Amino acid sequence: MKRGKFRRAVFIVIYSKHNGRVKYLILKRKLHWKGWEFPKGGVRLAETKKMAVRREMKEETGLRILSMKKFNFHGKYKYDKKYPDRGRFTGQTFYLYAVETRGKDARLDKLEHSDYKWMDFKEAMKTLTWKNQKQSLNIVNLWVKTR
């Protein structure tokens, strides 16, 4: 991977348990690219990764956090092109978190996302656009099944 300036970011796999079944929240992206993803976002200056998770949850879904788990999974990727709102960043590093919520009705940031769905593991794996998010879902799902 070429050198460049990478923005620190968090991936947030949101799940909810209902009647013994686990559902994952997937958002339909419309800013920068089109496809399906988990909530994610940059870590601001003087902000911890956990603070970024809380902020992004509020901004992108409006859902309340019941519990949060940090995973020892991270990576980086380059943007497919230069984005004016990303400044001199050429890509992102990401750190994986899982968040449990009981909410069903997400309040989307209409600038970034146009829709959302609660899906079971198999449906979410088929729907997610990016390999690193599929890996993230798999890691979280294996952990959730043991709880």
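The values are calculated or read from the model by the stated rules, or taken from the named source; none is laboratory data. The structure presented is a predicted model; accordingly, all values stated were derived computationally and were not measured. Here the Cβ is made from the backbone with ideal geometry for all residues, glycine too, and neighbour counts use every protein chain on show.
Against the conditions (1) surrounded by fewer than 13 Cβ atoms within 10 Å (Cβ to Cβ); (2) at pLDDT below 90, where does residue 77 fall short? Just the number, please.
(1)
So which residues in the range 42-69 are farther than 9 Å from residue 99 by Cβ and touching a strand residue (DSSP E or B) at 6+ places or on another chain (Cβ under 6 Å), if there are any at all?
If the condition is that a residue be farther than 9 Å from residue 99 by Cβ and touching a strand residue (DSSP E or B) at 6+ places or on another chain (Cβ under 6 Å), then 42, 43, 49, 52, 56 are the ones that fit.
Give me the residue from the range 121-147 that is assigned to a loop (DSSP other than H, G, I, E, B) and not charged (D, E, K, R) and, out of that set, surrounded by the fewest Cβ atoms within 10 Å (Cβ to Cβ).
146
Collect the residues in the range 1-56 that are modelled with pLDDT under 90, out of contact with any Asp or Glu (no Cβ under 8 Å at 6 or more places or on another chain) and not in a strand (DSSP E or B), keeping them in residue-number order.
Answer for the range 1-56, where residues must be modelled with pLDDT under 90, out of contact with any Asp or Glu (no Cβ under 8 Å at 6 or more places or on another chain) and not in a strand (DSSP E or B): 1, 2, 3, 4, 19, 20, 32, 34.
For the range 98-120, which positions are farther than 14 Å from residue 15 by Cα and surrounded by 18 or more Cβ atoms within 10 Å (Cβ to Cβ)?
Scanning the range 98-120 gives 108, 112, 113.
Which residues, taken from the range 57-71, are surrounded by 16 or more Cβ atoms within 10 Å (Cβ to Cβ) and in contact with an Asp or Glu (Cβ under 7 Å, 6 or more places away or on another chain)?
60
Cβ-Cβ distance below 9 Å, separation of 6 or more or different chains: which pairs start in the range 52-78 with a residue that is free of Cβ contacts under 8 Å to residues at least 24 places away in the same chain and end on one that is acidic (Asp, Glu)?
55/47
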